[in-house]
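Since the structure comes first, as structure tokens, the remarks are kept for the end.
The values are calculated or read from the model by the stated rules, or taken from the named source; none is laboratory data. All values derive from a computational prediction rather than experimental measurement. Here the Cβ positions follow ideal geometry from the backbone for every residue, glycine too, while neighbour counts run over all protein chains shown.
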Amino acid sequence: MIQRMELPDSQRTEAWKTLRQKHVTASILGALPAFCCHPYRTPLKVYMEKRGLELPEQDNKVMRRGRIFEPAVPKAVIEERPDWCLEEVKAYFYDEQERVGATPDYWLFGDMRGRGVLQCKTLHRDAYEDDWLGGTEPPRWIVLQTRLETMMTNAAFGMIAGLTIDSYDPKLALIEVPRDAAAEQEIKDAIRSFWRDVDAGNEPDPIYGADSEQIRRLTAKEQPGAVLDASGFNDLPELLAQRAALKARIGHDTDRCKEIEDELRFRMDAAEKIVGLPGWNVSYKTRTVAGYVVEAKVRRQLDIRDVRPKEERPQ
């Protein structure tokens, strides 16, 4: 049975956060193993969160952009569709039995089919052109998010609005997400499968690179005297050799970048900037860099040393 929690204007109450922790919410649906299409979350991270491990979500530029500019999205929608009426939802819809929930952005009134829900996103121009295919198709994780919001609210349809943050020519992508019984069943099955794995302790495989923090937490402490016999892991020597070659190349590239930057500084002398180079903005100005203190950390350190014969090492 779907229940409703009313939310104040700020939305982010402690009770709301606590309740969401127990559920697969629309905003993270795309990170489930069945979909694995979320740009900011991985199946392993969501699994660890739902197993009770606290993984604090750090603020970032994308989140800050959303907080500042998302109020402009419904204004752009109304300008595009003056026949519609939007109303902020201010509620969390959830099903305790299925352990799923959603916090839609806006109700959409004025369509002959009935009440819809609107999901608002802010975009930079590159994302609009590349990830949203010029405003014609939103990323799958946002479609999944909107589809679950229509399911949880029994809306007649969903709508996605993506607004580019541009000083002179903001672009609005307005894309419908119709009700689709087969797609909705796929979502239900994915959520149930995910919770079965969580309850059984079936941990998803990590995505190396994206799951760095999760892997550090899972391997936070070593067992004194424990060793890993890698004699049967035929891929590890190749991986280590590849890492050594990459490290060597990074070193060479870093040195070359330093040489180029030194030459630019020397040529500029007392000049503040360079002109006459189409496609490049180069400046050399005095700036004050804020000081800071790095807090001490206690964690395992991965130490890799290349002890192969010199002729086998990358130069």
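Would you list the helices (runs of 4 or more DSSP H) that sit entirely within segment 95-208 and hold 1 or more residues that are touching a residue at least 24 places away in the same chain (Cβ under 8 Å), over 19 Å from the mean Cα position of the chain (by Cα) and surrounded by 13 or more Cβ atoms within 10 Å (Cβ to Cβ)?
Numbers: elements: 125-130, 140-153, 181-200.
The qualifying helices (runs of 4 or more DSSP H) are 140-153, 181-200.
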Looking at Tyr40, Tyr47, which one is surrounded by 13 or more Cβ atoms within 10 Å (Cβ to Cβ) and at pLDDT 95 or above?
Tyr47
Within segment 113-162, restricting attention to residues that are at pLDDT below 95 and aliphatic (A, V, I, L, M), which residue is nearest to Glu87 (Cα to Cα)?
Leu123
Report, by residue number, each residue of segment 76-94 that is out of contact with any helix residue (DSSP H, G or I) (no Cβ under 9 Å at 6 or more places or on another chain) and not in a strand (DSSP E or B).
Ala76, Val77, Ile78, Glu79, Glu80, Arg81, Pro82, Asp83, Lys90
Exactly one of (1) within 22 Å of Cys36 (Cα to Cα); (2) at pLDDT 95 or above is unmet by Leu108. Its number?
(1)
Just wondering, is there one or more residues in segment 238-257 that are part of a loop (DSSP other than H, G, I, E, B), modelled with pLDDT under 95 and surrounded by 10 or more Cβ atoms within 10 Å (Cβ to Cβ)?
no
Scanning segment 1-49 residue by residue, those among the acidic types (Asp, Glu), in contact (Cβ under 8 Å) with a residue 60 or more places away in the chain and not in a strand (DSSP E or B) turn out to be Asp9
Here's a check for you: in segment 59-94, which residue that is more than 30 Å from Phe194 (Cα to Cα) and of a type in the set (Gly, Ala, Ser) is farthest from the chain's Cα centre (by Cα)?
Ala76
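Based on what the data block shows, is Lys75 free of Cβ contacts under 8 Å to residues at least 40 places away in the same chain and not polar (S, T, N, Q)?
Values: free of Cβ contacts under 8 Å to residues at least 40 places away in the same chain: yes; not polar (S, T, N, Q): yes.
Answer is yes for this residue.
Of the residues in segment 298-315, how many are part of a loop (DSSP other than H, G, I, E, B) and at pLDDT 75 or above? Outline the logic, then answer.
Just the residues of segment 298-315 that are part of a loop (DSSP other than H, G, I, E, B), to begin with: 298-309, 313-315.
Narrowing further to those that are at pLDDT 75 or above: 298, 308-309, 313-314.
Selection size over segment 298-315: 5.
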Checking the conditions here, which among Ala31, Ala15 is surrounded by fewer than 17 Cβ atoms within 10 Å (Cβ to Cβ) and under 19 Å from Met152 (Cβ atoms)?
Ala15
